Amino acid sequence: MVRLREARDLHSGWHIHKHRECKMSLSSYVADRRALPVMAGGAAWGEAFADAVLLLANQVAALLLLVLLSPLMGAAALGIWRVDGAPVVFAHYRVGRDGRLFRCLKFRSMCRNADAALRELLERDPEARAQWARDQKLDHDPRITPIGAFLRRTSLDELPQLINVLRGEMLLVGPRPITAEELSRYGSARWHYLSVRPGLTGLWQVSGRNNLSYDERVALDRRYVESRSLWLDLAILARTARVVFAREGAR
């Protein structure tokens, strides 16, 4: 029992440490953003009202989707639990609008010691280390479980993010949720990312997904923010359904 408690405390302390690191790495970005000029008067009120309406519409849609998809989500959760035990949902810190950190939810598709397994792999495999540094992804990730591979190919692993939409942390459509460490790789596009809520789907997901390089993903996120509109969001949602069913770019 003592060893179990020590392991739990160590695991909890590591996550608290990583959370603090994320907040510290974001502080300069958020401070700089607040120094940028802001709109005044009617324009600012109009943007705030439009944002509130957009968020409410997304939350209503997310609630309906959660109800409709609850049997499918329940089956996915049961499959994970029966094959690999609990937890069935994984929460990882991502950067939201204006640099707010939030816990982005996914069905767990990796082994339970995924962080330690990744560190060990990167230490002994230079090719994997180079690919991770370049793309933040691995073509052949040994941490992914068999049922996790299925969930990823079908994009079912991302359905818990509907809860993030309900919380107001994400929208159905937006840039890909990224970590604080990734934000530095966005260059000047980081302001585009920080100006909106990340999305459950987005332009990069319907334009090749994992077949794209990291720089291409950043460029698509920037392009989305610069040209976002209701019609673009609806078009992306329609294309998302086709991409998911065809499993285009899924790994």
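The values are calculated or read from the model by the stated rules, or taken from the named source; none is laboratory data. If you're wondering where the values come from, they're calculated on a predicted model, not measured in any experiment. With ideal geometry, Cβ positions are generated from the backbone for all residues, glycine too; neighbour counts draw on all protein chains shown. These accessible areas exclude ligands, DNA and RNA; they are computed on the full protein's heavy atoms, side chains included. Shrake-Rupley method; radii C 1.70, N 1.55, O 1.52, S 1.80 Å.
When we screen Ile178, Ile236 for residues that are in contact with a strand residue (DSSP E or B) (Cβ under 7 Å, 6 or more places away or on another chain) and either among the basic types (Lys, Arg) or assigned to a loop (DSSP other than H, G, I, E, B) (or both), the only hit is Ile178.
If you go through region 90-128 and keep only what is among the aliphatic types (A, V, I, L, M), crowded, with 17+ Cβ neighbours inside 10 Å and touching a residue at least 24 places away in the same chain (Cβ under 8 Å), you end up with Val95, Leu105, Met110, Ala114, Leu118. Against the criterion of being more than 20 Å from the chain's Cα centre (by Cα) and in a helix (DSSP H, G or I), Ala149 does not qualify.
The residue list Arg185, Arg167, Arg217 contains one member that is within 30 Å of Ala75 (Cα to Cα) and touching a residue at least 12 places away in the same chain (Cβ under 8 Å), which is Arg167. Of the residues in region 138-155, at least one is open to solvent by 20 Å² or more (accessible area, probe 1.4 Å), of a type in the set (Phe, Trp, Tyr) and more than 28 Å from Leu55 (Cα to Cα).
In this structure, Gln131 does not qualify as surrounded by 14 or more Cβ atoms within 10 Å (Cβ to Cβ), in contact with a helix residue (DSSP H, G or I) (Cβ under 8 Å, 6 or more places away or on another chain), part of a helix (DSSP H, G or I) and not aliphatic (A, V, I, L, M).
Within region 180-194, the set of residues being open to solvent by 40 Å² or more (accessible area, probe 1.4 Å) and not aromatic (Phe, Trp, Tyr) comprises Glu181, Ser184, Arg185, Ser188, Arg190.
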